[in-house]
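Asker: Right, I'll just put the structure down here and ask away after.
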Amino acid sequence: MQSKAHWENIYQTKDATQVSWFQQHPELSFQFIEHTGGGKAGQIIDVGGGASTLVDDLLANGYQNITVLDISAAALRVAQQRLGSRAAAVTWLEADITQVNLPYRFYDVWHDRAVFHFLTRAEDRARYVEAVQHSVKAGGHVIVATFGLDGPLRCSGLEVVRYSPDSLHDEFGNDFALVDTTNEFHHTPFGTEQKFIYCYCRKA
């Protein structure tokens, strides 16, 4: 995983609405979470959620148990300040997903938009998958979005790994049943387009 210092610098020197991955409303992510049928009381973790507005939309729609994990304290502060008093309803974790100790079989829904593709080392990807295995309930839902095969080669000055739905699912293995995939053509604040893929899996 890239250094914590890199991501702290990003969020300390750039407005959160001017990073390439910013979305006013992460509609596709929200739709996938809704389609899991996990209910408003299900335990949801947004990995790399940082300054994302997904937590705002989940709270506004009655979701009650949300954890936002990010390696950057500065990114988490952006979301906390934006939410104001509503931030108290959220669990905030400042951690590296390849090193964190998460509760055992606790989460109903795991969501990650644009973290996994930064894991360029196989050992980091393996630790990520181990964290999913450990912390997601049996039958739980795993939603991961990465750059597609025709997406960018780099992001935020860092190399990334691009995926097809099959190659992304292969990283997780047969313990995860692939339920659905889709493409997203993300329009950045700079007027460019980035191609993402989403994979939605159920844990065996």
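Asker: Using mean Cβ contacts within 10 Å as the protection proxy, how do 107-118, 70-81, 173-184 order, highest first? Display every interim value, and only then the final one.
Answerer: Working: 107-118: 23.7, 70-81: 20.2, 173-184: 14.5.
Most protected by this proxy first, the peptides run 107-118, 70-81, 173-184.
Asker: Using Cα-Cα distances under 8 Å and only pairs 6 or more residues apart, what relative contact order does the stretch 101-195 have, in percent?
Answerer: About 29 percent, as a whole number.
Asker: Which of the lysines could a cross-linker bridge to Lys14, judged by Cα under 21 Å and excluding same-chain residues fewer than eight apart?
Answerer: Hits, sequence-local ones excluded: Lys4.
Asker: Taking the Cα centre of the chain as the origin, how large is its charge dipole in debye, to the nearest 20, when only Lys and Arg (+1) and Asp and Glu (-1) carry charge on their Cβ atoms?
Answerer: The dipole magnitude comes to about 360 debye.
Asker: Within a Cβ distance under 14 Å of Ala177, other residues only, what is the Lys/Arg minus Asp/Glu net charge?
Answerer: Result for the neighbourhood of Ala177: -2.
Asker: Let me ask something else about it. Where the centre of each part is set by its Cα atoms, how far does the stretch 1-44 sit from the stretch 75-120, in angstrom?
Answerer: Centre-to-centre distance over Cα atoms comes out at 9 Å.
Asker: So if we plug the beta-carbon distance of Glu8 and Ser85 into 1/(1 + (r/R0)^6) with R0 = 25 Å, what FRET efficiency do we get, rounded to 0.05?
Answerer: It comes out at approximately 0.45.
Asker: Calculate the FRET efficiency for Asp56 and Asn174 from the Cβ-Cβ distance with a Förster distance of 41 Å, rounded to the nearest 0.05.
Answerer: Once rounded, the FRET efficiency stands at 0.70.
Asker: Taking the alpha-carbon centroid of each part, what is the distance from the stretch 149-167 to the stretch 54-72 in angstrom?
Answerer: 26 Å
Asker: If you take every DSSP beta bridge fully contained in the chain, what fraction is antiparallel? Give it as a percent rounded to 5.
Answerer: 50 percent
Asker: Go through Gly62, Ala87, Gln18 and say which Cα lies farthest out towards the positive end of the charge dipole of the chain; charges sit on Cβ, +1 for Lys and Arg, -1 for Asp and Glu.
Answerer: Looking along the dipole axis, the top candidate is Ala87.
Read-outs: derived from the displayed coordinates by stated rules, not from any lab. Remember, it's a predicted structure, so these values are computed and weren't measured experimentally. We place every Cβ from the backbone using ideal geometry, glycine too, and count neighbours over all the protein chains shown.
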